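Coordinate-derived values only; no laboratory data. Just so it is clear, the model here is predicted, and its values are computed rather than measured. Glycine also receives a Cβ, built like all others from the backbone with ideal geometry; neighbour counts cover every protein chain displayed.
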Amino acid sequence: MYPKLVVTRILPPDTQARLEELPFELVQWQQDSAMPRDELLRAVKGADALICLLTDKIDTELLDAAGPQLKVIASMAVGFDHIDVEAVKARNIHLGYTPDCLTDATADLTVLLTLAAARRMKEGMLAGANGEWGTWRPTWLCGSQFTRKTVGIIGMGRIGEAVARRLEPFGVKQTLYWGRQQKPDAEKRVVTATFEPDLDTLLSKSDYVIVCCALTPHTREMFTYDKFAKMKKSAIFVNTARGGIVKQDDLIRALQERQIKAAGLDVTTPEPLPTDSPLFHLPNCVVLPHIASATFETRERMASMCVDNVEAAMKNEPLPFKL
Ligand code: DGY
């Protein structure tokens, strides 16, 4: 009898083909939508391995439903705020995730969103399509550029550093970063980088505030109205990490009141963001639907890392991408 592997979504094609060749009893959600919770709780019963996505909550209820034979959970994400890590580890279940492989794709899209918000891309595209494109005007749709500016990075992890490295060639003068600790190695690679342990100081000095940190109890809703009020009125705020880091109603208010200039968001609360959210309708807010890691290369790699993790655990080998 083969071990049972539950996979909560169809994977990208190469990895899906590989998955289907593996010696598992494969139970897989066949739709391109989140596996309903009750369906997942039923499917996971008796499973030896689980490949999940960031849309699947991994908590005590799920672990109980699975049963004590569950050996490995491989999550197809670098973020792990959907997982009760302590509960998983307390049961000696191997836990894998997908670090590194999505750094470049996510950093690329973060730069794209920063530029889009700073250069008023949404307003420009709408103006063109709506027939408001009159004669060339000296100040029409002017935005801001990076030259000699200060970038504030919230969380100088892999992605934060990759964003900072990408922005340096645009001519930024200074990169301030905030986080739990100074990162001397990152400072060697990002020559403009300086650790700023006081968040309010970073916010008041930065022309661009870019959120790249993990969602933890410490960072949850750290961006309140009060924080936006500390930023420059010309500041551009970008979040490609997790929507939960921002108190969203406060961001909406700050954008409406022009407390800050503009925002670029790849993550929101909830996801999907309802179409009547003011964020979609504000001219100074660009919203993308959580696609920072969405390149064919990266998604294929994320999925294959999950399969690598499952295969290793089933052979009683250490997980190659262990959380
Ligand atoms: C992750 O892996 O945590 C990302 O949010 C997916 O793009």
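Things worth noting here:
- Whole-Hz ³J(HN,Hα) from phi, Karplus 6.51 cos²θ - 1.76 cosθ + 1.60, for region 11-22, glycine and proline x: 8, x, x, 5, 6, 4, 5, 5, 4, 5, 8, 6
- In a reduced charge model with +1 at each Lys and Arg Cβ and -1 at each Asp and Glu Cβ, region 48-206 shows a dipole moment near 880 debye about its Cα centre.
- Spatial separation of Cα centroids for region 104-151 and region 166-237, in angstrom: 21 Å
- Sequence-distant residues sharing a close amide H with residue 51 (under 5 Å, placed H): 6, 7, 8, 74
- Amide H contacts for residue 193 (H built 1.01 Å from N in the peptide plane; partners 5 or more residues away or on another chain; cut-off under 5 Å): 175.
- Hydrodynamic radius of the chain by the Kirkwood approach over all distinct alpha-carbon pairs: 21.1 Å.
- Dipole of the chain, positive end: most advanced residue of 313, 228, 27 [Cβ charges, Cα centre]: 228
- Here's how it looks for residue 264: its modeled amide H is under 5 Å from those of 237, 238, 239, 286, which are all 5 or more places away or on a different chain.
- Phi-derived couplings, Karplus 6.51 cos²θ - 1.76 cosθ + 1.60 at θ = phi - 60°, listed residue by residue for region 251-265: 5, 4, 4, 4, 6, 5, 7, 6, 4, 10, 6, 6, 9, x, 10 Hz, with x used for Gly and Pro.
- Links that overshoot a 25 Å alpha carbon limit, given the list 227/322; 71/183; 188/230; 173/261: 227/322; 71/183; 188/230
- The chain, relative contact order in percent, only Cα pairs under 8 angstrom and at least six apart counted: 18 percent
- Note on region 264-316: with charges restricted to the Cβ of Lys and Arg (+1) and Asp and Glu (-1), its dipole about the Cα centre is near 80 debye.
- For region 58-64, the Karplus equation 6.51 cos²θ - 1.76 cosθ + 1.60, evaluated at θ = phi - 60°, returns couplings of 9, 9, 4, 4, 5, 5, 5 Hz by residue, with Gly and Pro reported as x.
- Selected from 283, 138, 184 as most flexible by GNM, with the chain as the system and alpha-carbon contacts under 10 Å: 138
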